[in-house]
Amino acid sequence: MFLPSVKKIKNIYGKRVIVRVGFDVPIKNGKIVDDFRIIKSSPTIRLLKNKGAKIILLGKHLIFFSFSI
């Protein structure tokens, strides 16, 4: 299945966009040990936000933190 890059998609203002994220990061004593996956997904999320999309993050694990971009 071919999916175009989010950079090439036009006219997504106001549309819902599902982004599958892998935020299953290692946690030790309640603190995130390695935030690599979160940091690497932020440019895509930021790009969609700047284009006016309504972003739905779809993750496999329960996510108990919030962040702002």
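The values are calculated or read from the model by the stated rules, or taken from the named source; none is laboratory data. Please read all numbers here as calculations on a predicted model, not as lab measurements. Heads up, the Cβs are rebuilt from the backbone with ideal geometry, glycines too, and the neighbour counts pull from every protein chain shown.
For first residues located in segment 6-19 and among the aromatic types (Phe, Trp, Tyr), partners that are at pLDDT 90 or above and lie 6+ apart or on another chain with Cβ distances below 8 Å form the pairs TYR13/LYS51; TYR13/GLY52; TYR13/ALA53. There is at least one residue in segment 21-40 that is within 20 Å of PRO4 (Cβ to Cβ) and either in contact (Cβ under 8 Å) with a residue 24 or more places away in the chain or in a loop (DSSP other than H, G, I, E, B) (or both). Counting only residues that are touching a Gly at 6+ places or on another chain (Cβ under 6 Å) and surrounded by fewer than 14 Cβ atoms within 10 Å (Cβ to Cβ), segment 15-49 holds 0 of them. Just wondering, is there one or more residues in segment 4-13 that are surrounded by 10 or more Cβ atoms within 10 Å (Cβ to Cβ), at pLDDT 90 or above and not hydroxyl-bearing (Ser, Thr, Tyr)? Yes; the residues of segment 4-13 include at least one that is surrounded by 10 or more Cβ atoms within 10 Å (Cβ to Cβ), at pLDDT 90 or above and not hydroxyl-bearing (Ser, Thr, Tyr). If only residues of segment 55-69 that are in contact with a helix residue (DSSP H, G or I) (Cβ under 9 Å, 6 or more places away or on another chain) and modelled with pLDDT of 65 or more are counted, the one that is farthest from GLY14 (Cα to Cα) is LEU57.
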